[in-house]
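Inspection log for the structure reproduced underneath, given as structure tokens.
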2 protein chains.
Amino acid sequence: MATRTVEDYIKRIYLEQQAGLELVPFGRLASAMDVVPGTVTTMVKALADSGLVGYEPRQGVRLTPAGEMLALHVLRRHRLIELFLVRVLRFDWSEVHDEAEELEHAVSERLIERIDELLGRPGYDPHGDPIPDATGRVAQRNLESLSSARSSGRGTIARIADQDPEFLRYATDRGLIPGAVLTVESVDPIGESIRLVVGDRSLTLGRTAAAKILVAWASPLGSDLDRVDAGTNG
Amino acid sequence: MATRTVEDYIKRIYLEQQAGLELVPFGRLASAMDVVPGTVTTMVKALADSGLVGYEPRQGVRLTPAGEMLALHVLRRHRLIELFLVRVLRFDWSEVHDEAEELEHAVSERLIERIDELLGRPGYDPHGDPIPDATGRVAQRNLESLSSARSSGRGTIARIADQDPEFLRYATDRGLIPGAVLTVESVDPIGESIRLVVGDRSLTLGRTAAAKILVAWASPLGSDLDRVDAGTNG
DNA sequence: CTCACTATTTTGAACACTCAAATTGGAATA
DNA sequence: TATTCCAATTTGAGTGTTCAAAATAGTGAG
């Protein structure tokens with residue numbers, strides 16, 4: 001059985017890879033896990049011994065298929081728990097992350113199955129992150145970051161890529177939640193800001209904030225990317 | 001912060017004291033915790049250092065007020081989780097113990113408060129065990145074990161003092177669940193068995209099985225011991 | 001009073017994880 | 001080529017929990 005720490009490392013490596021790194025550098029992993037670099041070296045060797053990761057010394061780590069499978073199971077638990085807390089226990093989506101971080105290591109396979117069933121086998125958590133199914137399959141979506149918008153256009157918010165409660169409350173206050181339709185009014189590449197309209201509100205976002213908002217752009221013909229179901233928020 | 005292991009030891013010591021021991025012998029604690037005796041000696045010293053227990057060398061351990069407070073908080077979490085699993089997630093009461101054993105160490109104070117509120121601040125878990133409130137207060141009941149019955153009589157089952165799923169399924173099959181009314185037909189002190197009627201069923205129980213069934217006897221005038229609310233089972 | 005028995009305690013070691021601090025490797029710079 | 005610098009690694013140590021096995025204390029029997 002994978003220990004709690006092992007699950008956390010594997011999950012973190014998966015998320016870093018997901019964020020675009022094929023090989024996660026040790027230093028990055030160290031700061032993400034909030035441990036000293038030497039600890040990562042030690043742990044990565046142990047993870048490699050149990051076949052969950054492969055690594056190039058002084059280069060970085062990468063998950064093996066077994067590691068990826070474990071990561072997907074942990075994320076499945078985490079995201080189902082988040083949605084459960086929001087839907088059933090009426091938590092606000094801005095405050096479920098830390099709770100799920102604990103519970104993901106404590107719930108049994110049986111309990112997760114019950115929750116999945118009760119929620120109707122959802123595909124996305126309250127933040128719009130995809131929930132892997134019991135076999136590890138994840139829905140693939142072609143989303144674009146709001147910061148990559150080059151001109152005006154309409155789209156639906158599909159995902160908020162930040163778990164910080166403060167940012168999430170800020171987003172909620174402005175209607176920036178998965179499922180909301182937004183219109184980009186103008187983009188200022190030099191000033192690094194973007195003006196948009198959400199509902200009846202007009203607002204301006206800086207580049208780094210906009211980078212956290214993932215959007216499915218409305219195509220003229222209405223492709224299936226328009227249909228975003230990201231669960232209930234609030 | 002008390003570690004998971006510490007919480008388990010403290011909870012166990014509380015339960016053993018509750019079962020009638022003022023001073024819990026190390027050997028008993030060792031087998032209850034499923035560790036070798038030496039481990040208990042080490043742990044008890046550590047617990048004493050943090051002020052949670054007091055102990056007489058070679059005699060046994062006892063909780064301090066601080067230890068009792070901790071035990072009550074852990075039991076509160078455990079029992080609220082059990083009831084939540086039964087009521088909300090439709091688990092059978094025979095299968096919630098192990099799950100709660102894990103979750104009790106992972107839930108936050110905030111989540112427990114939500115659950116408590118959602119369930120309507122219940123006083124008892126599915127097995128009839130009392131749920132301490134947030135300040136550590138526990139309902140006191142004057143229950144008697146079915147094995148102590150000396151003659152025929154009527155009463156209400158208030159609590160089943162065994163968490164073994166097999167025993168609980170056996171009990172469920174025979175209608176021996178908290179809230180059920182039973183009538184003692186006859187007691188055989190030599191054969192160590194007791195005949196009773198529950199609902200429309202008649203059955204015979206041995207002494208040790210009967211010892212696990214705690215009953216509030218019906219008084220002729222109907223005291224408030226008759227009113228047993230032990231939540232929903234099933 | 002001594003023996004035997006059982007419960008408890010001590011000792012030394014292990015495992016999983018972590019840190020601080022010294023060292024090394026490799027790449028970029030001068 | 002020699003120097004500098006940063007990332008990664010090694011080393012030695014500590015924490016919390018556990019075990020196996022040897023030593024000891026107390027209790028009751030003879």
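The values are calculated or read from the model by the stated rules, or taken from the named source; none is laboratory data. Note that the structure is predicted; figures quoted are calculated from it, not measured. Cβ: placed from backbone, ideal geometry, glycine included. Neighbour counts: every protein chain shown. Areas reflect the complete protein model, heavy atoms only, side chains present, ligands, DNA and RNA absent. Shrake-Rupley method; radii C 1.70, N 1.55, O 1.52, S 1.80 Å.
For chain B, build the charge dipole from Cβ charges (+1 Lys, Arg; -1 Asp, Glu) around the Cα centre, then report which of B:24, B:10, B:167 sits farthest towards its positive end.
B:24
Cα-based Rg of segment B:1-125 per 2.2 N^0.38 Å, rounded to two decimals?
Working: Rg = 15.4 Å, N = 125, 2.2 N^0.38 = 13.8 Å.
Ratio of Cα Rg to 2.2 N^0.38 Å: 1.12.
Taking only the alpha-carbon positions of chain A and ignoring solvent, what does the Debye formula give for the base-10 log of I(q)/I(0) at q = 0.08, 0.16, 0.17 Å⁻¹?
Evaluating at q = 0.08, 0.16, 0.17 Å⁻¹ gives log10 I(q)/I(0) of -0.33, -1.18, -1.26.
Just going by the charge dipole of the protein assembly as shown, with Lys and Arg at +1 and Asp and Glu at -1 on Cβ, which of B:205, B:155, A:81 is farthest out on the positive end?
Of the candidates, B:155 comes out farthest on the positive side.
Decide, for segment A:4-63, between rounded, prolate and oblate: order the square roots of the alpha carbon gyration tensor eigenvalues as a ≥ b ≥ c, take rounded if a/c falls under 1.5, and otherwise choose prolate if a/b is larger than b/c, else oblate.
The shape class here is rounded.
For the protein assembly as shown, restrict the atom set to alpha-carbon positions and state the Rg and Dmax in Å.
27.8, 94
Counting other Cβ atoms within 10 Å of each Cβ, which trypsin sites (Lys or Arg not before Pro) in segment A:115-169 have at most 14 and sit in a DSSP loop?
Passing both the DSSP loop test and the Cβ count: A:137, A:150.
Accessible area per residue, 1.4 Å probe, Å², for chain B: what's the number? Walk me through the numbers before you get to the answer.
Numbers: 11580 Å² over 234 residues.
Each residue of chain B exposes 49 Å² on average to a 1.4 Å probe.
Do the sum for chain A: with -39,500 (n - 2.57) for every DSSP H run of n ≥ 4, divided by all residues, what is the mean residue ellipticity at 222 nm, to the nearest 500 deg cm²/dmol?
-11500 deg cm²/dmol
Please sort through the DSSP H helices of chain A and keep those with an alpha-carbon extent of at least 27 Å along the long axis and a Kyte-Doolittle average not below -1.0. Present the calculation step by step, with values, prior to reporting the outcome.
Working: long enough: A:65-87 (32 Å, 0.46).
Long hydrophobic helices here: A:65-87.
How big is the charge dipole of chain B about its Cα centre, in debye rounded to the nearest 20, if each Lys and Arg gets +1 on its Cβ and each Asp and Glu gets -1 on its Cβ?
Values: 27 positive and 35 negative charges, 80 e Å.
In total the dipole reaches around 380 debye.
Can you compute the charge dipole magnitude of segment B:144-226 about its Cα centre, using +1 on each Lys and Arg Cβ and -1 on each Asp and Glu Cβ, nothing else charged? Give it in debye, rounded to the nearest 20.
For this selection, approximately 80 debye.
Could you run the numbers on buried accessible area between A and B, total for both chains, 1.4 angstrom probe, in Å² to the nearest 100? Numbers along the way, then the final one.
Details: alone 12320 and 12370 Å², together 23100 Å².
Using a 1.4 Å probe, the pair buries roughly 1600 Å².
Assuming a ≥ b ≥ c are the square roots of the Cα gyration tensor eigenvalues, decide whether segment A:144-226 counts as rounded (a/c under 1.5), prolate (otherwise, with a/b larger than b/c) or oblate.
Details: a/c = 1.55, a/b = 1.15, b/c = 1.35.
Judged from the Cα gyration tensor, segment A:144-226 comes out oblate (a/c at least 1.5, b/c at or above a/b).
With +1 on the Cβ of every Lys and Arg and -1 on the Cβ of every Asp and Glu, and nothing else charged, how large is the dipole of segment A:4-63 about its Cα centre, in debye rounded to the nearest 20?
For segment A:4-63, the charge dipole is close to 40 debye.
At residue B:208, label 7 Å along Cα→Cβ: distances to the other copies, nm, ascending?
Those label-point separations list as 6.6 nm.
Using protein chains only (no ligands, no nucleic acids) and a 1.4 Å probe, work out which residues of segment B:109-145 have their accessible area cut by at least 10 Å² relative to the chain alone.
Residues meeting the cut-off: B:110, B:111, B:114, B:118.
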